[in-house]
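Novice: Here you go, one structure.
Any read-out appearing in this document is the output of simple, stated calculations on the displayed coordinates, not a laboratory observation. If you're wondering where the values come from, they're calculated on a predicted model, not measured in any experiment. Note that we place each Cβ from the backbone using ideal geometry, even for glycine, and neighbour counts take in every protein chain shown.
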Amino acid sequence: MNLAELDPTNVTTPPVIKQDYRDAMARLAAAVNVITTDGPAGRAGFTATAVCSVTDDPPTLLVCLNRAASAHAAVTANAQLCVNTLASGQRDLSNLFGGKTPMAERFAAASWTTWLTGSPVLEGAAVSFDCRVSHSTTVGTHDILFCEVLALKHQDDADGLVYFDRAYHGLQGSH
Ligand SMILES: NC(=O)c1ccc[n+]([C@@H]2O[C@H](COP(=O)([O-])OP(=O)(O)OC[C@H]3O[C@@H](n4cnc5c(N)ncnc54)[C@H](O)[C@@H]3O)[C@@H](O)[C@H]2O)c1
Ligand SMILES: Cc1cc2c(cc1C)N(C[C@H](O)[C@H](O)[C@H](O)COP(=O)(O)O)c1[nH]c(=O)[nH]c(=O)c1N2
C-alpha cells in the first residue's frame, strides 16, 4: 500500500512535524521515573518517561535526557544515576522534578537514601535502579544514556503510575 491509498482520517503524511509527533506520543502509556544523580558535579534530578530496558546481560537500561535540562551537566559529569520509578501516590514528585522548581526544593519533598553510587534513592518508589552510565550517544536534542544496573530494589506492594494522554493514572497491582 502506498501513502495515497491511506484513509486520510488520523493519518499524518510527511513531513511529520513536532506537534504531530508529540500528539501521537501522548497515546503511548509510560512509567514515570525520577532520575537522580550526585557526585563531584553535585546533586540533580529530573522526571523521565523515556526509559526502557536494553539487555539483561549486563543488566542495562537507557534514559533519554534533553541536553537543555538543568540536570544535564551534573548527570553527564557524575556518570552515575538512580532511576526511581514512581508509585501511584508519588505523582506530585513528577511535576516537581519535571518543572522549573529549584533543585533543593525538588529533593526536600521526599525522603532519600543512597546505595553504591551515591545517587539519591527514593523512599517508597515502586522500583529503584542504582546505575553507572556506561556510555552515551546523541540524537537530536537528547542524549541517550546507557546505564548499567549495579543495585536495585522493588517494592512489590506498591501500586503503579503511568502517564497517558498527558495525565497520570494509578494502576492497581494483583497484590
Ligand atoms: N522525552 C522527553 O524529553 C519528554 C517526555 C515527556 C514529556 N516531556 C516534557 O514534559 C512536558 C509535559 O509533557 P506532556 O506529555 O504533558 O506534553 P507534550 O505535548 O509536550 O508531549 C507529549 C508527548 O510527546 C513526547 N515528548 C514531549 N516532548 C518531547 C521531547 N522534547 N523529546 C521527545 N519526546 C517528547 C513525550 O512522549 C510526551 O509525553 C513538556 O515540556 C515535554 O517536552 C519531555
Ligand atoms: C511526565 C514528564 C515526563 C518527562 C518530562 C517531564 C514530565 C512532566 N521531561 C522533562 C524534564 O523532566 C524537564 O525538562 C526537566 O526537569 C528539566 O527542567 P529544568 O531544566 O530542570 O527546569 C523529560 N525530559 C527528558 O529529558 N526526558 C524524558 O523522558 C522526560 N520525560
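Novice: Could you state, as a whole-number percent, how many of the C-alpha pairs of the chain are farther apart than 22 Å?
Specialist: So the portion of pairs separated by more than 22 Å is 47 percent.
Novice: Taking Cα atoms of the range 12-59, Rg/Rh with Kirkwood Rh, to two decimals?
Specialist: Radius of gyration relative to Kirkwood radius: 1.15.
Novice: Under the definition of Cα pairs under 8 Å and six or more residues apart, what whole-number percent is the relative contact order of the chain?
Specialist: The normalised contact order for the chain reaches 25 percent.
Novice: Once you charge only the Cβ atoms, +1 for Lys and Arg and -1 for Asp and Glu, what is the size of the charge dipole of the chain about its Cα centre, to the nearest 20 debye?
Specialist: 560 debye
Novice: Further question on the same structure: Which is the longest run of the chain containing none of the trypsin sites (Lys or Arg not before Pro) found in DSSP loop states (not H, G, I, E, B) with at most 15 other C-beta atoms within 10 Å?
Specialist: Free of exposed loop sites, the longest segment is 101-165.
Novice: Positive end of the charge dipole of the range 14-157 (Lys, Arg +1 and Asp, Glu -1 on Cβ, about the Cα centre): tell me which of TRP115, SER128, LEU62 has its Cα farthest that way.
Specialist: Checking the options against the dipole of the range 14-157, the answer is LEU62.
Novice: Which residue fluctuates the most in the chain, going by a Gaussian network model with Cα springs under 10 Å, if the choices are GLN155, GLN19, GLN80?
Specialist: With Cα springs under 10 Å in the chain, the top fluctuation among GLN155, GLN19, GLN80 is at GLN19.
Novice: Continuing with this model, one more query. Return the distance in nm (one decimal) between the two label points of a simple spin-label model at LEU116 and VAL11, each offset 7 Å from Cα along Cα→Cβ.
Specialist: Going from the LEU116 label point to the VAL11 one covers 5.0 nm.
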